[in-house]
Amino acid sequence: MDDKPDVWQGTLALMVLKTLETMGEQHGYGIARRIEQTSGNLLSLNYGTLYPALLKLEQEGSIASEWGLSENKRKAKFYRLTRAGRKQLEKEARDWRQATAILARFLSPSGGAA
Amino acid sequence: MKRMRAWMMRLAGLLRAAGRDRELADEVESNLQMNIDDNLRSGMPPEQARRNALLKLGGVEPAKEAYRDRRSIPVLENLLRDTRFAIRQLRKNPGFTCTAVLVLGLGLCASVAIFAFVDATLIKPLPYRDPGRLVGLFETVQLCPRCPLSYPDYLDWKRLNKVFSALDVFEGTGFTLRTGAGAEMVRSASVTAGFFRTLGVAPMLGRDFRAGEDSPAAAPTVILSYAAWQKRYGGDAAILGKTATLNGEAHVIVGVLPPDFHFAATGESEYWTALHTNANSCYKQRGCHSLHGLARLRDGVSVQAADANIKLIAGELEKQYPSNLGQGGSVIALTELEVGRIRPILIVLLCGAGLLLLIACVNVTSLVLVRAESRRREMAVRTALGGSRARLVSQFVTEAVVLVAASGALGLVSARWLMRLLISLIGPDQMAAMPFLNGLGLNLRVLAFATAAAVAAAALFSITPAWRSFLPDLREGLAEGSRGSAGTTWQRFGAKLVVLELAIAVVLLVGAGLLGKSFYRLLHIDMGIQPEHLATLQIAEPDSIHDDNAKVVALTREITSRLASLPGVQSVGISSLLPVRGGNTMWIRVIGHPFHGEHNEVGYRQVSAGYFTTLGAKLLRGRYFSEADDASKPQVVIIDRALAEKYFPGEDPVGKQIAYSGASSTPMQVVGIVEDIKEGPLDEATWPTLYVAFNQDPDDHFSLVVRTSKSEKALLPTLAAAIHRLDPGISTYEQRTMSDRINSTPAAYLRRGSAWLVGGFALLALLLSAAGLYGVVAYSVGRRTREIGVRMALGAQPGAVYRLILKEAAGLIAGGIAIGLVCSVAAASLLRDLLFGVHAADPETMAAVAVLLGTAALLASYVPARRAASVNPVDALRAE
C-alpha cells in the first residue's frame, strides 16, 4: 500500500478536480462518495487517502477550501475549483485522454502490426 | 511557479503545525459523521453505521502521517524539533552550557576584536585613489634612513625622475592660531599645490589648491580638515572665503576635506596650507631638510624601479653639490609607511588570539566529549529504537550549532566592547599617528571572519562527538554498567587534548614573558636622566619677536625665572627638543683634525644653563653652560660621551674646538662632556649629540623641563597659567610629564600594548588549560573510584593514591610543557621585531613559564587527587 504508483496519485488528483468541476463546491466526504459512484463502485476508495491529495492540490493553488455547513447542518470543510485548477484540469484531462488513446492503440489486437 | 507556491505554503505550515493538525482532525471527524449519518439513513443500526464508516475511512494514522509530510517540510520540522530539544538539553545542564558558552565566547571575542584591528589596519585600503601606487620619498643619511628632503632636492627629483606621474612634498607643522581665547598652537601641514591631487582626494566643500598656488606670489590660502571645520567653525556651510589667522597672517579658507580623510604622517592636522617658499628660509637651502615626499608611481613602474631611479638621481646630485655628500634616496610604499610599524604587532596579536580561540575550542570539545560519553546509553537506546545515524548525528550538529550561536552572540557583543576598550587605551596621541584605526568596527569582513570561526568551531564540536560515538559499536553502550573500551579511549583522547592545551598555553606564556621582559628592559635602559618628577611643555613665543634673538632670550629668561619661583619647583631647563624624540642633526668637523668635506652627522640640541641639572644628567668632565654664556661671549658647546668617543678617540675633548662643516662657520669650544642621554627613540642606539648654549643660539619655539618635589602632573596647569600671566601671546602645548612622554613613544607603547594583550591571552590560556587538565584528571579519578577503593581496602595509604593520580597528571604536564617550549622557540622568531634586550630563546623566561604552568597544572590535578585519596573504600566498592 505504501508505494502507490505515481499514476494512481495523479489520477486521484484528476478525479478530485473533475468531481469539483461537475459538482461545484463540495466537502471531502462528498468528493469521495462521488468518485466511488462515478466509477460505478468499481473503485473502492479509502477516504483517508483523500486528505493528503486535497492538501497538495490546495497548496498548488488548484483548489481552495472554506469551512461551511453541510446539507444536514454539519460543520464541514468545502473545497472548490480555482481558475488555475480549471486550467490544470483541462490540461491533465487532455494529457490523460491522449495517454489512454495511445495505450488503447497499443493494446488493441491489430496494434502490433500497424 | 506552482511548485514554488506549494513550497511557500509548506514553509508557512512550519509556523502553525498544531493548528493544522487540529484542523485535519476536525475535517476527518466531520466527514466521518456525515458518513455515519448516511449509513444510519440507509437503515444500518448505529453500531454498524459507525464501524462501517471507520472501515471506509481506512487507517487514519498513515493518512495523517502523509498529510503531515505534505503539510510542511519534514527536514525543517525535524531541525526545529532538534533545536528545541537541543536548547532543552542545554538548559537542563546549565553548568556545562554556561562554561562552554563562556569559554568559547571568550575565545571568539578576543580573536574577533583583534581581527577588527587587523582589518582596519592591514586589509581596509587607505582612503586615497589607488593607494597601492602611492609611495613616500626620503633622503637617506647615516644617522637617519628615512630623512626629509630639502626643497631644492625636491625640485630636482621632480624634474629628473622618470618613474612618477606626480611628486609632491608636505611638512607637518604647527601654526599659532589667533582665537577669541588667545593664541593657540594647532597641528597643521604645509603641502605643495598638487598634494591632494596626487593622493586622489578631493575636498568635500570648496576647491583644491590650484597649480601655482604654492608660489611665493600667490595669496595665502588654507584647506580645513573636516574635524577642524566642525570643531572650530561649527560646520558653517558658508565657510568658504572666510579667513583664518595663522602665524599672524590671514589665510583665505578655500576648501574642507572629507570626513574620512586621514594622513598618518601629519597626524590630525587641522589646517592645510599651500607651502610658500618664502615662508621659511630653510626652503632655500639644499642642506636644510624638512620636507617629506609623496609620489604616485607611473603605470607599470614598481616600487623597486622607482627606488633605483631615485638613488641614481641622488647619486648625480651628490656629485653636483657638496652639501649632498653622503646623501642617498629611498622610495617606500605609502601603506608600508603608515602601517609597517604596527604590522608585526598585529600579526603577533592575531596569532595570540587565534591560539586562545584554539585552546577554547579544545576545552569546549573535551567538555562536549565528556557529555557525549555520558549520553552513550541514550544514543544506543535511540539507535535500537530505530533512530537513524543521520538523525543522531544531526542531533549532535544541532546542539553544537546552538552552542556556537550563543557563544558567537556573546563573542560579538563583547568584542565590540573590547574594541572600544582597546581604542580608549591607545590614547589620543597614538591614535593621531594611526588614524586608520578610526575605521575600526564590526564590518562585513569582520563578521565574515567571526562566522568562519564559528562555523569551524561548530564543525569541530559536532564531528568529534559524533565520530567518537560511532567509533566502537553502539550496542556496547547498551550493556548494563558497560566498562567497555570507550571510557579508556576517551581518556587517551582527552589526555592528548590536554597536552595540546598545555603546549599552547606555554607558547602564549613564553610570548607574553618575552614581550613583558622587553618592555621592562626598554623602560629600564639607562636614559642618562632621572625622568621622575619632571613636568614638560612646549612653548611658542609670540610671532612679533620671532626675528629678534635678544628679545627671545630676554623673554625666555623671564619665563624661566617666573617658573623657578613657583612653589614646589626645584629647577627649570630649556631645550630645543626633549629627549626620546630624535630630531635635528648637524654636520660637524673637529678643528685640528683632517677634514675633506665628509658629513659627520651628529644630533643637535640648543639647551639652557639649567637643562642638564634639571634632567638629572651626569657630567663626566668640564662644566655645564651658565647664564653668562650668551651672544657676547665666544660660542661654547657640550658634547656627549658617544660624540667624544667617536670624534675624539684617545683625546681629552674639553678645550678642543668643533665647528659646523660649512667653511664660514666659527669654531666653538667644548666646555663639558655629559653621559649619553637617550635623545633618540628608546630602542635605537644613542646618537652622538652636540649641545649648544640656548642663549647663544636661541629659538622662539622650545621645550620646558621643570623638576619638582611635588606631583609633576598637578604642576602642569600651574606652569601654563604662570606663563599666560606673563604674556597671553605665548602658546603653550603638549603639557605632559616626562614619564608620560617616555611611555607614549611608539617604542614603548607598542611593546606595552602587545605585552599586556598577549599577557592577557596567556593568562586566560593558563586558566583554560588548567581547567582542561582538571577535567581530564577528575574524569579519570571518577572512573577509577572502584580500583582506588580496592587498592585502599588492600592497604594502600592516601600518599600512594596521591602518587598514583599525580603521576598520571605529571606525565601530561611534562609532555605539554616540553612540546610547548619547543614550539615557543619557533613562535618567538615571529616576535623578533618586538623584542628588545632579550633573546628569542630566553632560558630565564622559559624556566619561569615552565615553573608557573607546572605549578598551576599540579594544583589543578591536586584537587581531584585529594578527592581520590579521601575515598572511603567501603563506599567505593559498593558503588555501581
Point to revise | Relative counts (whole %) of C-alpha pair distances in chain A, using bins that are 5 Å wide | key: 2, 11, 19, 21, 19, 12, 7, 4, 3, 1, 1, 0
Check your understanding: For the protein assembly as shown, how big is Rg over Rh, using alpha carbon atoms and the Kirkwood form of Rh?
Key -> 1.17
Review point. How large is the helix-only mean residue ellipticity at 222 nm for the protein assembly as shown, computed as the sum of -39500 (n - 2.57) over DSSP H runs with n ≥ 4, divided by its residue count, in deg cm²/dmol to the nearest 500?
Key: -18000 deg cm²/dmol
**Study point:** FRET efficiency, 1/(1 + (r/R0)^6) with R0 35 Å, evaluated for B:LYS162 and B:ASN280 via beta carbons
**Key:** 0.75
Exercise for review: Report the Stokes-Einstein translational diffusion coefficient (µm² s⁻¹, integer) for the stretch B:262-318, Rh taken as the Kirkwood radius over Cα pairs, at 25 °C with viscosity 0.890 mPa s.
Suggested key: 170
Check your understanding: Rounded to two decimals, what is Rg over Rh for the stretch B:25-104 when you use alpha-carbon atoms and the Kirkwood radius?
Key -> 1.39
Exercise for review: Determine the distance separating the Cα centre of the stretch B:383-425 from the Cα centre of the stretch B:783-840; give it in Å without decimals.
Suggested key: 30
Practice item. Return one number: the angle in degrees, 0 to 90 and rounded to the nearest 10, between the long axis of the Cα atoms of helix B:343-374 and the longest principal axis of the Cα atoms of chain B. Key: 20
Check your understanding: If the cut-off is 17 Å between C-alpha atoms, which aspartates and glutamates fall inside it for B:LYS807, apart from same-chain ones fewer than 8 positions away?
Key -> B:GLU787
**Study point:** Average beta-carbon neighbours from other chains, 10 Å sphere, peptide A:33-45
**Key:** 1
Practice item. Starting with the highest mean, order B:289-300, B:585-596 by the number of other Cβ atoms within 10 Å, averaged over the residues of each peptide. Key: B:289-300, B:585-596
Review point. Just how many pairs of Lys in the stretch B:143-325 have C-alpha atoms closer than 28 Å, counting pairs that are eight or more places apart or on different chains?
Key: 10
Exercise for review: Just need the relative contact order of the stretch B:542-729 here, percent rounded to a whole number, with Cα pairs under 8 Å and 6+ apart.
Suggested key: 32
Revision key, fill the gap. With no solvent term and unit scatterers on the alpha-carbon positions of the stretch B:58-176, Debye gives log₁₀ I(q)/I(0) at q = 0.17, 0.21 Å⁻¹ of -1.08, -1.19
Exercise for review: Whole Å is fine, so just give me how far the alpha carbon centre of the stretch B:733-772 lies from that of the stretch B:492-507.
Suggested key: 27
Practice item. List the lysines whose Cα lies under 16 Å from the Cα of B:LYS92, skipping any in the same chain that are fewer than 8 positions away. Key: none
Point to revise | Gain on full stretching of the segment that runs from B:ASN78 to B:ARG557 - 0.36 nm per residue minus C-alpha separation | key: 163.8 nm
Study note, to complete from the structure: Between the Cα axis of helix B:2-13 and the main Cα principal axis of chain B, the angle (0 to 90°, nearest 10) is 90
Point to revise | Using alpha-carbon coordinates, inclination of helix B:444-470 to the longest axis of chain B, degrees | key: 40
Point to revise | Against the rule of thumb 2.2 N^0.38 Å, how large the Cα Rg of the stretch B:143-325 comes out | key: 1.09
Practice item. May I ask for the distance between the Cα centers of the stretch A:47-96 and the stretch B:659-727, given as a whole number of Å? Key: 97
Review point. Quick one: which of B:247-258, B:434-445 comes out on top by average Cβ neighbours within 10 Å, and what's the full order, highest first?
Key: B:247-258, B:434-445
Revision key, fill the gap. The stretch B:666-769, convex hull of Cα, quarter of hull surface, nm² -> 11.4
Check your understanding: Across the residues of B:31-37, average count of Cβ atoms on other protein chains within 10 Å?
Key -> 6
Exercise for review: Using the Cα centre as the reference, give the magnitude of the dipole from point charges on the C-beta atoms of the protein assembly as shown (Lys, Arg: +1; Asp, Glu: -1; all else neutral), rounded to the nearest 20 debye.
Suggested key: 4880
**Study point:** Label point distance in nm, B:LEU620-B:LEU312, each placed 7 Å from Cα along Cα→Cβ
**Key:** 4.5
Practice item. Which order do the peptides B:835-847, B:114-126 take when ranked by the mean count of other beta-carbon atoms within 10 Å per residue, highest first? Key: B:114-126, B:835-847
Check your understanding: Cα-based Rg (one decimal) and Dmax (whole number) for chain B, in Å?
Key -> 38.1, 142
Check your understanding: Spin-label point model (7 Å from Cα, Cβ direction): what's the A:LEU107 to B:ARG391 distance in nm?
Key -> 4.1
Exercise for review: Please work out the ratio of the alpha-carbon Rg of the stretch B:542-729 to 2.2 N^0.38 Å and round it to two decimals.
Suggested key: 1.06
Review point. If the cut-off is a Cα-Cα distance under 17 Å, which lysines reach B:LYS646, setting aside same-chain residues fewer than 8 apart in sequence?
Key: B:LYS656, B:LYS678
Exercise for review: With no solvent and one equal point scatterer per Cα, compute the Debye intensity ratio I(q)/I(0) for the stretch B:201-304 at 0.15, 0.23 Å⁻¹ and report its log10, rounded to two decimals.
Suggested key: -0.74, -1.34
Practice item. Mind checking the full-extension length gain between B:LEU102 and B:GLU532? Use 0.36 nm per residue of separation minus the Cα-Cα distance, one decimal, nm. Key: 150.6 nm
Review point. Projected onto the charge dipole of chain B (+1 at Lys/Arg Cβ, -1 at Asp/Glu Cβ, origin at the Cα centre), which of B:ALA166, B:GLY568, B:VAL871 gives the Cα projection farthest towards the positive end?
Key: B:VAL871
Check your understanding: Counting partner chain Cβ atoms within 10 Å of every residue's Cβ in A:19-28, what's the average?
Key -> 1
Point to revise | the stretch A:6-107: relative contact order in percent, alpha carbon pairs under 8 Å with at least 6 residues between | key: 29
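Just so you know, all these numbers are worked out from the coordinates, no wet-lab data involved. Here the structure is a predicted model, which is why all the values come from computation and not from measurement. Cβ: placed from backbone, ideal geometry, glycine included. Neighbour counts: every protein chain shown.
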